[in-house]
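Following: one structure in structure tokens, then a few remarks.
The values are calculated or read from the model by the stated rules, or taken from the named source; none is laboratory data. Everything quoted here is computed from the prediction, not taken from an experiment. Every residue, glycine among them, receives a Cβ derived from its backbone with ideal geometry; neighbour counts consider all protein chains shown.
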Amino acid sequence: QVQLEESGGGLVQSGGSLRLSCSASGRPFTPYAMAWFRQTSGKEREYVGGVMWSDGLTYIPNSVTGRFSISRDDIKNMMYLQMNNLKPEDTAVYFCAAEFNRNWPPQVPANMDYWGKGTLVTVSS
């Protein structure tokens, strides 16, 4: 019903920046919230930011605040993750997710309904 696709990952040096994009398709695409998560091998998926779809209100967790920011374009059905001052610890596969059932908070993997396949971000030192 809903398909999500991430893009923009790659290799970047410590201190550099990347902008990830999430493209959504489906009719209609009217999620309650969308979010970005990241995951390394053997670890749980970690929330790194999200947006309420109706009004664009964003939330960034303390772990990455000041370096990461979220935005969305509800006309183009796009969500973006701007990452600045990247550190080697940011290396992970980054996933886009959407929530349609008003499960609160839309900040944990179990509350999300649809997922992209992920895009790899590697930060070298």
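Out of segment 91-101, which residues are closer than 21 Å to Met112 by Cβ and surrounded by fewer than 21 Cβ atoms within 10 Å (Cβ to Cβ)?
Quick first cut of segment 91-101, residues closer than 21 Å to Met112 by Cβ only: 92-101.
Selection gives Val93, Phe100, Asn101.
Quick one: Asp74 ticks every box in (1) touching a Gly at 6+ places or on another chain (Cβ under 9 Å); (2) modelled with pLDDT of 95 or more except a single one, so which number is it?
(2)
Return yes when Lys76 is more than 19 Å from Glu5 (Cα to Cα) and exposed (fewer than 15 other Cβ atoms within 10 Å of the Cβ) and no when it is not. I'd like the intermediate steps shown before the answer.
Values: more than 19 Å from Glu5 (Cα to Cα): no; exposed (fewer than 15 other Cβ atoms within 10 Å of the Cβ): yes.
The answer is no for Lys76.
So which of Tyr47, Tyr59 is modelled with pLDDT of 95 or more and either closer than 16 Å to Glu89 by Cβ or exposed (fewer than 13 other Cβ atoms within 10 Å of the Cβ) (or both)?
Details: Tyr59 fails: either closer than 16 Å to Glu89 by Cβ or exposed (fewer than 13 other Cβ atoms within 10 Å of the Cβ) (or both).
It is Tyr47.
For segment 67-92, give me each residue that is closer than 19 Å to Gln13 by Cβ and either without any contact (Cβ under 8 Å) to a residue 60 or more places away in the chain or in a loop (DSSP other than H, G, I, E, B) (or both).
Step one: list which residues in segment 67-92 are closer than 19 Å to Gln13 by Cβ, which gives 67-68, 81-92.
Hits for segment 67-92 are Arg67, Phe68, Asn84, Asn85, Leu86, Lys87, Glu89, Asp90, Thr91, Ala92.
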